[in-house]
Amino acid sequence: MSTSYEATAEWAQARDAADPLRDFRNEFLIPPHGHSESHYFCGNSLGLQPRASREAVNAELDYWGELGVEGHFKGRLPWMDYHEFVRDHLAEIVGAQPDEVVAMNTLGVNLHLMMVSFYRPTPDRHAILVEAGAFPTDRYAVESQIRYHGFSPTLSLIELEGDEPNGTISMGAIERVLAEHGSRIALVLLPGVQYRTGQAFDLKTITELAHKQGCQVGFDLAHAVGNLPLQLHDSGMDFAIWCSYKYLNGGPGAVGGAFIHARHARTALPRFAGWWGHDKATRFQMGPEFVPTPGADGWQLSNPPILSLAPLRVSLEIFHRAGIQRLREKSLQLTGYLQWLVETQLSDVLEVVTPKEPQRRGAQLSIRVLGGRAQGRALFEYLMDNGIIGDWREPDVIRISPVPLYNRFADCLAFAQAVRRWKRG
Ligand SMILES: *Cc1c(COP(=O)(O)O)cnc(C)c1O
């Protein structure tokens, strides 16, 4: 793996020209900045639009216009089975069996649905373990579930504090909290990649440690899906949930996803049911008794939003062609370059918060601006004004995510050069 990075335009251009995945960038609309293109580093927040998504949505609008209700059964991709048209590529990206994944709802909704089934508190075992500083939805969701079951977050919510200098969490800290509190933890809910620090977690090891203590385990993969290769089935977790508008490029408010391990496919666990989760073969007999479709499909409530699934379908097809392993290989190089630039060219201004070990992070670097919040805001606004699109996290962190599908080494260099210009004033 090349570590001979250089901070010159010649080097970055040559590196981009030699990139086997370089043509995928042309499949995306890059937001303009003035007369040229912006340097878009916000794929961790809203992934860019694949050019093919407009046509995919228009095709469904056309079928609706031409076929009306018959569009459920006719057309190239009948709506009745539409969620199945994304299933195989979704399974491929997260390392699952096709019947373990379903595209449905949004992340927050799926998190609640999964907790209905997998958070079953008892008087002896009622706690939920999350990381301190978890994403607000996750925190609100677990707190509300704890209260809903008649418990109190004061006693039942365990927040694991970061024990490493930048606020990241060591495996040792996870082992210790599970050893100490495992017997009263009903559910471990941790991120695949933490949204604020960019830390990636070892899902398999955490799952094994938690299962040994008799806890159920779920992961929020909002920042992991489409970013890291995942092996959800083999890692053995009970469930996972994610959104599709970040690295998956499914579009604003895209349909999210859920993974439910095959061992729960025919589970007697309680769930909130809806007609679309009913066994497909007999769904339209409209009987009073709910008979779930085996597997993740059985957690569906409603017939899916076709106009929202259409762009996800084309986006997953791009991932299928690029290959998540090849994307990860490029991502390691690209984010490695960004880190190298920060460390060797910008260490008087910036400091990387995200773990330095490549296996403990994905595409994103969380970068602290030295000198406090006002300096940080000033730099962030300068970058935005100059078409370098990242995002800001209070009090002093800029998140920069080079995405291997559409970012270039030249983008990382442009970021570094802009920071230098700002510093010079
Ligand atoms: C982006 C994100 C969400 C967003 O949830 P929605 O229900 O899609 O709005 C939730 N959790 C984490 C960790 C996220 O990063």
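The values are calculated or read from the model by the stated rules, or taken from the named source; none is laboratory data. Keep in mind that this is a model prediction, so the values were computed, not measured. We place every Cβ from the backbone using ideal geometry, glycine too, and count neighbours over all the protein chains shown. Protein only, heavy atoms only, side chains kept; ligands, DNA and RNA dropped before computing areas. Shrake-Rupley method; radii C 1.70, N 1.55, O 1.52, S 1.80 Å.
Would you mind finding the one in ARG283, ARG266 that is part of a loop (DSSP other than H, G, I, E, B) and over 30 Å from GLN194 (Cβ atoms)?
After applying the criteria, what remains is ARG266.
Restricting to the stretch 310-329, name every residue that is basic (Lys, Arg) and closer than 15 Å to PHE28 by Cβ.
ARG321, the sole residue that qualifies.
Conditions (1) in contact with a strand residue (DSSP E or B) (Cβ under 7 Å, 6 or more places away or on another chain); (2) assigned to a helix (DSSP H, G or I); (3) open to solvent by 40 Å² or more (accessible area, probe 1.4 Å); (4) modelled with pLDDT under 95, marked per residue:
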position: ALA310; (1), (2), (3), (4): no, yes, no, no
position: ARG313; (1), (2), (3), (4): no, yes, yes, no
position: PHE319; (1), (2), (3), (4): no, yes, no, no
position: GLN325; (1), (2), (3), (4): no, yes, yes, no
position: ARG328; (1), (2), (3), (4): no, yes, no, no
position: THR335; (1), (2), (3), (4): yes, yes, no, no
position: LEU338; (1), (2), (3), (4): yes, yes, no, no
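Among the residues of the stretch 115-142, which ones are more than 14 Å from the ligand (Cβ to nearest atom) and not basic (Lys, Arg)?
Within the stretch 115-142, VAL116, SER117, PHE118, TYR119, PRO121, THR122, PRO123, ASP124, HIS126, ALA127, ILE128, LEU129 qualify.
Give the stretch 201-211 a look and list any residue that's touching a Gly at 6+ places or on another chain (Cβ under 8 Å) and open to solvent by 60 Å² or more (accessible area, probe 1.4 Å), or say none.
Result: LYS204, GLU208, HIS211.
How many residues does the stretch 60-85 hold that are in contact with a His (Cβ under 7 Å, 6 or more places away or on another chain) and of a type outside the set (A, V, I, L, M)?
2
So for the stretch 230-243 (the condition being of a type outside the set (Gly, Ala, Ser), within 12 Å of the ligand (Cβ to nearest atom) and in a loop (DSSP other than H, G, I, E, B)), does at least one residue qualify?
The answer is yes, given that some residue of the stretch 230-243 is of a type outside the set (Gly, Ala, Ser), within 12 Å of the ligand (Cβ to nearest atom) and in a loop (DSSP other than H, G, I, E, B).
Listed residues THR207, THR197; which is of a type in the set (S, T, N, Q) and part of a helix (DSSP H, G or I)?
Answer to the selection: THR207.
Determine whether the stretch 214-224 contains at least one residue that is open to solvent by 10 Å² or more (accessible area, probe 1.4 Å), more than 16 Å from the ligand (Cβ to nearest atom), modelled with pLDDT of 95 or more and under 16 Å from ALA127 (Cα atoms).
Scanning the stretch 214-224 turns up at least one residue that is open to solvent by 10 Å² or more (accessible area, probe 1.4 Å), more than 16 Å from the ligand (Cβ to nearest atom), modelled with pLDDT of 95 or more and under 16 Å from ALA127 (Cα atoms).
When the stretch 145-165 is examined, which residues are found to be in contact with a His (Cβ under 8 Å, 6 or more places away or on another chain) and within 16 Å of the ligand (Cβ to nearest atom)?
Scanning the stretch 145-165 gives a single hit, GLN145.
Could you give every pair whose Cβ atoms fall below 8 Å, whose first residue belongs to the stretch 131-157 and is assigned by TED's automatic domain parsing to the domain that holds LEU107 and farther than 17 Å from ALA222 by Cβ, and whose second residue is within 16 Å of the ligand (Cβ to nearest atom) and open to solvent by 60 Å² or more (accessible area, probe 1.4 Å), counting only separations of at least 6 or pairs across chains?
Short answer, once both residue conditions are applied: ALA132/GLU159; GLN145/HIS112.
Restricting to the stretch 251-263, name every residue that is in a loop (DSSP other than H, G, I, E, B), in contact with a Phe, Trp or Tyr (Cβ under 9 Å, 6 or more places away or on another chain) and either surrounded by 20 or more Cβ atoms within 10 Å (Cβ to Cβ) or on the phi > 0 side of the Ramachandran plot (or both).
GLY251, GLY253, ALA254, GLY256, HIS261 - these are the residues of the stretch 251-263 that are in a loop (DSSP other than H, G, I, E, B), in contact with a Phe, Trp or Tyr (Cβ under 9 Å, 6 or more places away or on another chain) and either surrounded by 20 or more Cβ atoms within 10 Å (Cβ to Cβ) or on the phi > 0 side of the Ramachandran plot (or both).
Do we find that ALA240 is farther than 16 Å from ASN110 by Cα, small (Gly, Ala, Ser) and out of contact with any Ser or Thr (no Cβ under 9 Å at 6 or more places or on another chain) in this structure?
Taking the combined requirement at face value, the residue does not satisfy it.
Of the numbered conditions (1) in contact with a Phe, Trp or Tyr (Cβ under 9 Å, 6 or more places away or on another chain); (2) closer than 25 Å to THR205 by Cα; (3) open to solvent by less than 40 Å² (accessible area, probe 1.4 Å), ILE146 satisfies every one except a single condition; which is it?
(2)
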